[in-house]
Every structure is written in structure tokens, then in C-alpha cells.
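Student: Supplied in C-alpha cells, the structure appears directly below.
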Amino acid sequence: MELKDISHNLTFSTVEKPGKTTNSDESIQSVGKERINSLKQLVGEIEFLILERERLSKQIVDETEKIKTEIQNFLLSSEAVDSEDFKERNGLRNKQIDISELQLNEKVNCWRDVALLKKELRERVKELNEKEERMAVFEKILY
């Protein structure tokens, strides 16, 4: 068995000093920071959507309440004289009931939408926190 010297074929690369970052380290950090920034933006958008959904629901309930009040005021201000008036008044009472059902449905739908948005928000906040913690650990390792 013959042994050969292979040391003349080896090349050595230069080793960076500890604490010094390279371009690849900076690009990794920039990608991580971009992801963190996009998650922060997404969290802000979800929070905005929650507030807007609640505002919209309140607006719908308020407007339907005004309509119900107008119907009630009309019913109180006028009396039924004949069968046509009775039919009209009953129709208006049915409209009040329909509006009340609409209000209840809107409240339930708002609750459902907000619950889904809050679930999404919790997931994104958790993901954001994990990314920020990883970035902090990565920066500690690099520096």
C-alpha cells in the first residue's frame, strides 16, 4: 500500500474575525426584518378590520333602530279607520319584527366576524413574536 502526500492540493479560505458580519449575514437580516415589518403591517390591518367591523355593526343597528322608531311613531300618531288601514298597520308591525330580526342577525354576524379576526390576530401576533425572538437570537450570534 502506497501513501501519497495530498497536502499540495488543499486550499484554505480566509476566516472572518468574530463579530464581523458578512454581506450574506446582512441579507439574511434584511429578509428577516422585511418579514417582521410585513407581519407588523398585517397585525395593524387586522386590528383595523376588527374596529371597522364593530363600527359597521353599530351603524347598522343604529340605523335600523331609527327605522323602527319612525314606524312606531307613525303607528302611534295615526289610527286605523278601515280594513285597509288595519292591513297597513299590520304590515308595518311585521316590518318592525323583520328589522328586529335583522338587528339580531347583524349582532351575531358581527360577533362571528370579530371572533375570526381576533383568532387570525392572535396567530399573527404569535408568529411576529417568534420571528422577533429568532431575529434577536440571530443578532446575538452574529455580534
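Student: Cβ contacts < 8 Å: first residue more than 27 Å from residue 104 (Cβ to Cβ), restricted to the range 63-92; second residue assigned to a helix (DSSP H, G or I), any location; separation 6+ or different chain. Result?
Tutor: Final answer for the pair search is 78/85; 79/85; 80/86; 80/88; 80/89.
Residue-wise test of (1) among the hydroxyl-bearing types (Ser, Thr, Tyr); (2) over 24 Å from residue 112 (Cα atoms).
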site: 57; (1), (2): yes, no
site: 63; (1), (2): no, no
site: 67; (1), (2): no, yes
site: 76; (1), (2): no, yes
site: 84; (1), (2): no, yes
site: 88; (1), (2): no, yes
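Student: Please go through (1) under 29 Å from residue 42 (Cβ atoms); (2) more than 16 Å from the chain's Cα centre (by Cα) for residue 127 and return the number of the only condition it doesn't satisfy.
Tutor: (2)
Student: Quick one: is residue 127 part of a helix (DSSP H, G or I), in contact (Cβ under 8 Å) with a residue 24 or more places away in the chain and surrounded by 14 or more Cβ atoms within 10 Å (Cβ to Cβ)?
Tutor: Here the answer is yes, as residue 127 does meet what is asked.
Student: Residues 117, 102: which one is closer than 30 Å to residue 34 by Cα, in a helix (DSSP H, G or I) and in contact (Cβ under 8 Å) with a residue 24 or more places away in the chain?
Tutor: 117
The numbers here are math on the coordinates, done by the rules we state, and not lab data. Model, not experiment: these values are computed from the prediction. Here Cβ is always computed from backbone atoms with ideal geometry, including for glycine, and neighbour counts include all displayed protein chains.
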